[in-house]
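For reference, the structure is listed below as structure tokens.
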Amino acid sequence: MHTQVAIIGAGPAGLLLGHLLHLRGIDSVIVENRSRDYVIERVRAGVLEQWTVDLMIAMGVGQRLQHEGLRHEGLYFSFNGQRHHIHLTELTGGKSITVYGQNEVVKDLIDARLATGRPLYFEAANVAVADIDSTRPVVRFQVDGQDQELTCDYIAGCDGFHGICRPGFPAGSLTGFDRVYPFGWLGILAEAAPSSDELVYTYHERGFALFSMRSPKVTRLYLQVPPEEDIALWSDDRIWDEMLRRMSTVDGFKPNVGPIFQKGVTPMRSYVAEPMRHGRLFLAGDSAHIVPPTGAKGLNLAAADVVVLAKALGQFYKSNSAQGLDQYSDICLRRVWKAQRFSWWMTQTLHRAPDESPFDHRRQIADLDYITGSRAAMTSMAENYVGLPMDVDLG
């Protein structure tokens, strides 16, 4: 087989890239080592920036998003038992965020991919890349026990943090910047109608908590816990007791309680790989960078990467110009590091560190008091949260 672009990974990055290339008339093959059900059902991010929503609509894959997505014009910061509203739309000239689960995004993109008739292989075994410094790199894999060899012009590594593409860079050609945080998130999905129409970020003496939602009938909640916490130690009753203790406020807000149908603990880290390209192999999404979920940037960063890459590939196939491809890593990394800064800031502002002092605690309260009392501070927070302007246009 031969294709113009081989895409490794059928998460949001790989599927978005495949559809963007299709719209430009560029052929691609997507290879994914997991099953279709696994890719769809894994619970991940749920907040889409304004420009990501605009992108999906412009791509023709936003019909269900527009109907089922929950548009939010603001959010709350809660501390000392009180909620403080930040009006994102008012502070950013009309921009907002939309709550729409990553698994829903993936469903829409898989359907769109299948409708194009372009190849999409699930449950591919023994995926490997080779000859990335040549003009004809190779992807090898097995489907239904049959060996496949796919030659291509370029490879897009969209296979996540634990994928095979980043390790495919030659030794010494990549630098990784890593930070592991001393806490994780215990996350649940519950059959309970959301008790707030907007997200609530809580700083509490017992640790961070986040109120979110997935639909008018499903609440998504998080608690700060140690990164190695055993989820088996957390009964449903214990989870609800802690959620209510941290999130309840003097104005009467508290999460509605309902049956928990999914729970788990996720450690938190920041990671950036530089550069995001070697030879004919490009990294995009989680294969190149990881952010703590506090700033809601992971999926949106992946989308930003593939917008830049699709545009660069479009320029190459249209005019034989490699300028965009050569600039890909630098353009993406500028946005990645701004997102890392914001995600780190949100994380250190709202979480209790295990080694923090009384001075640190007071400073965090003062920081939150300043953010919620200063229009300038709220504007800075809001413009980062709804999504900074793209460095390239979406066309």
Inset, instruction - Examine the stretch 126-133 for a residue that is outside the structural domain of residue 208 (by TED's automatic domain parsing), small (Gly, Ala, Ser), part of a loop (DSSP other than H, G, I, E, B) and at pLDDT 95 or above, and state whether such a residue exists. - result: no
Inset, instruction - Give 40, 30, 57, 26 a once-over and let me know the one that is free of Cβ contacts under 8 Å to residues at least 24 places away in the same chain and not acidic (Asp, Glu). - result: 57
Legend entry - Residues of the stretch 278-336 satisfying the condition of being closer than 30 Å to residue 349 by Cβ and among the polar types (S, T, N, Q): 287, 294, 300, 329
Legend entry - The one condition in (1) surrounded by 19 or more Cβ atoms within 10 Å (Cβ to Cβ); (2) assigned to a helix (DSSP H, G or I); (3) not assigned by TED's automatic domain parsing to the domain that holds residue 32 that residue 76 fails to fulfil: (2)
Inset, instruction - Go through (1) in a strand (DSSP E or B); (2) not assigned by TED's automatic domain parsing to the domain that holds residue 304 and name the single condition residue 29 misses. - result: (2)
Inset, instruction - Please enumerate the residues belonging to the stretch 356-388 that are touching a residue at least 12 places away in the same chain (Cβ under 8 Å) and outside any helix (DSSP H, G or I). - result: 387, 388
Legend entry - Hey, residue 305 out of contact with any Leu (no Cβ under 7 Å at 6 or more places or on another chain), more than 20 Å from residue 214 (Cβ to Cβ) and either part of a strand (DSSP E or B) or in the same structural domain as residue 196 (by TED's automatic domain parsing) (or both) or not: no
Legend entry - Scan of the stretch 79-104 for residues that are assigned to a helix (DSSP H, G or I) and at pLDDT 95 or above, ordered by number: 88, 89, 90, 91
Inset, instruction - Those residues that are over 24 Å from residue 182 (Cβ atoms) and in contact with a Phe, Trp or Tyr (Cβ under 6 Å, 6 or more places away or on another chain), I need them from the stretch 356-376; list them, please. - result: 372
Inset, instruction - Might you let me know whether the stretch 229-239 holds any residue that is within 22 Å of the chain's Cα centre (by Cα) and in a loop (DSSP other than H, G, I, E, B)? - result: no
Legend entry - Matching residues in the stretch 137-169 - criterion: being in contact with a Gly (Cβ under 8 Å, 6 or more places away or on another chain) and closer than 19 Å to residue 303 by Cα: 156, 157, 158, 159, 160, 163, 165, 166
Inset, instruction - Taking the options 272, 180, name whichever one is touching a helix residue (DSSP H, G or I) at 6+ places or on another chain (Cβ under 8 Å), in a strand (DSSP E or B) and of a type outside the set (Ser, Thr, Tyr). - result: 272
Inset, instruction - Pick out the one residue from 261, 282 that is assigned to a strand (DSSP E or B) and within 20 Å of residue 129 (Cα to Cα). - result: 282
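The values are calculated or read from the model by the stated rules, or taken from the named source; none is laboratory data. These numbers were taken from a predicted model, which means no experiment stands behind them. Methodologically, a virtual Cβ is constructed for each residue, glycine included, from the backbone with ideal geometry; neighbour enumeration extends over all protein chains shown.
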